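Peer 1: Following this message is one structure expressed as structure tokens.
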Amino acid sequence: MACFLPVVNSTEIFSVEKIICIGRNYADHAREMGHNPDREAPFFFFKPQSALLPPGEPFKYPWFSKDVHHELELVIAIGEGGYQLTLAQAKAAVSGFAVGLDMTCRDVQQQAKQQGRPWELAKGFDGSAPCSAIQRGSYEDLQQTGELQLLRNGSIVQQGDWRQMIWPVAELIAEVSRYIRLQPGDLIFTGTPAGVGPVTPGDQLQASLAGSLVTLNVDIVEP
């Protein structure tokens with residue numbers, strides 16, 4: 001499995017280190033999953049490098065699940081790492097952005113939760129993190145972008161403004177860096193807006209970020 005992503009309009013490649021995923025960072029999504037966004041702060045977890053699915057690769061439906069969901073996310077590419085960053089340092093750490101999908105085996109996740117077990121398998125399986133090419137840009141460049149949108153077979157299934165995050169981008173980066181040292185090449189999947197739902201083999205997904213050059217097309221195929 002490749003551990004790098006292409007860069008928009010460039011021969012450069014972005015070498016990926018850690019894949020950090022944020023949970024419950026949009027109030028509407030927290031509510032749709034049965035949680036109280038006013039009471040629960042976002043949390044983060046990791047996907048292995050083998051989860052990365054570069055643009056152009058199909059998503060192979062995992063054989064061990066019958067209920068895989070799409071979760072559309074803004075992805076932040078870290079260019080300058082550090083530990084316990086200030087807000088100013090967190091903003092300076094942004095070197096690009098992309099759109100990605102946190103593919104989740106919802107049935108596996110629910111079963112693990114019911115048994116009080118970790119649910120990494122539900123989110124960390126091979127190919128579970130499809131990601132577009134990286135558009136190089138600063139924190140200020142990110143401010144010029146608009147809404148996230150995901151189409152499933154041509155119909156809108158998820159749409160949301162990343163500015164509606166419970167924890168905004170700079171605060172999110174600073175918060176993660178309180179616990180782990182960020183490195184150049186880290187990717188932060190910043191959480192999903194409402195509208196998550198199932199996919200089936202034969203589906204075609206198209207993710208985009210308004211005002212940017214990043215798009216992601218993913219075909220869902222049999223295992």
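The values are calculated or read from the model by the stated rules, or taken from the named source; none is laboratory data. Nothing here was measured: the structure is a model prediction, and the numbers come from that model. Heads up, the Cβs are rebuilt from the backbone with ideal geometry, glycines too, and the neighbour counts pull from every protein chain shown. Ligands, DNA and RNA are stripped out before the accessible areas are found, and what is left, the full protein with its side chains, is counted by its heavy atoms. Shrake-Rupley method; radii C 1.70, N 1.55, O 1.52, S 1.80 Å.
Peer 1: Could you say which residue among V157, V99 is at pLDDT 95 or above, in a strand (DSSP E or B), more than 17 Å from N25 (Cβ to Cβ) and of a type outside the set (K, R)? Before you say what the answer is, go through the steps one by one.
Peer 2: Details: V99 fails: more than 17 Å from N25 (Cβ to Cβ).
After ruling out the rest, the residue left standing is V157.
Peer 1: Please verify whether region 65-75 includes one or more residues that are open to solvent by 20 Å² or more (accessible area, probe 1.4 Å), of a type in the set (V, I, T) and modelled with pLDDT of 95 or more. First the steps, then the outcome.
Peer 2: Initial filter on region 65-75 (open to solvent by 20 Å² or more (accessible area, probe 1.4 Å)): 66-67, 69.
Okay, now just the ones that are also of a type in the set (V, I, T), so none.
No, the conditions are met nowhere in region 65-75.
Peer 1: Counting only residues that are open to solvent by less than 20 Å² (accessible area, probe 1.4 Å) and part of a helix (DSSP H, G or I), which one in region 15-59 is modelled with the highest pLDDT?
Peer 2: A51
Peer 1: Being assigned to a loop (DSSP other than H, G, I, E, B) and crowded, with 16+ Cβ neighbours inside 10 Å is the filter here, so list the residues in region 107-134 that pass it. Spell out how you get there, then give the answer.
Peer 2: First pass over region 107-134, keeping only residues assigned to a loop (DSSP other than H, G, I, E, B): 115-119, 125-128, 132-133.
Answer for region 107-134, where residues must be assigned to a loop (DSSP other than H, G, I, E, B) and crowded, with 16+ Cβ neighbours inside 10 Å: W119, F125, G127, S128, S132, A133.
Peer 1: Quick check on my filter: what residues within region 133-173 are touching a residue at least 40 places away in the same chain (Cβ under 8 Å) and among the β-branched types (V, I, T)?
Peer 2: Within region 133-173, I134, T145, V157, I166, V169, I173 meet the criteria.
Peer 1: May I pose another question? If we keep just the residues of region 176-211 that are at pLDDT 95 or above, small (G, A, S) and open to solvent by 30 Å² or more (accessible area, probe 1.4 Å), which is nearest to D102 (Cα to Cα)?
Peer 2: The qualifying residue nearest to D102 (Cα to Cα) is S208.
Peer 1: Given the conditions (1) within 23 Å of K18 (Cα to Cα); (2) at pLDDT below 95, and given that K113 satisfies all but one, which numbered condition is not satisfied?
Peer 2: (1)
Peer 1: If I filter region 197-210 for residues that are acidic (D, E), in a loop (DSSP other than H, G, I, E, B) and closer than 30 Å to Y83 by Cα, do I get at least one hit?
Peer 2: Going residue by residue through region 197-210, those that are acidic (D, E) are 203.
Now narrow it down to the ones that are in a loop (DSSP other than H, G, I, E, B): 203.
Okay, now just the ones that are also closer than 30 Å to Y83 by Cα, so none.
The answer is no, given that none of the residues of region 197-210 is acidic (D, E), in a loop (DSSP other than H, G, I, E, B) and closer than 30 Å to Y83 by Cα.
Peer 1: Okay, next question. Of all residues in region 163-175 being touching a Leu at 6+ places or on another chain (Cβ under 8 Å) and not β-branched (V, I, T), which is most open to solvent (accessible area, probe 1.4 Å)? Please lay out each step first, then the result.
Peer 2: We begin by selecting, within region 163-175, every residue touching a Leu at 6+ places or on another chain (Cβ under 8 Å); these are 165, 169-171, 173-174.
Now drop any that are not not β-branched (V, I, T), which leaves 165, 170-171, 174.
Values: M165: 13, A170: 2, E171: 74, A174: 13 Å².
Of everything passing the filter in region 163-175, E171 is most open to solvent (accessible area, probe 1.4 Å).
Peer 1: Okay, next question. Are any of the residues in region 161-170 at negative phi, in a loop (DSSP other than H, G, I, E, B) and at pLDDT 95 or above? Lay out the reasoning, then the answer.
Peer 2: Taking region 161-170 first, the residues at negative phi are 161-170.
Filter once more, keeping what is in a loop (DSSP other than H, G, I, E, B): 166-168.
Pick out the ones that are also at pLDDT 95 or above and you get none.
For region 161-170, residues at negative phi, in a loop (DSSP other than H, G, I, E, B) and at pLDDT 95 or above: absent.
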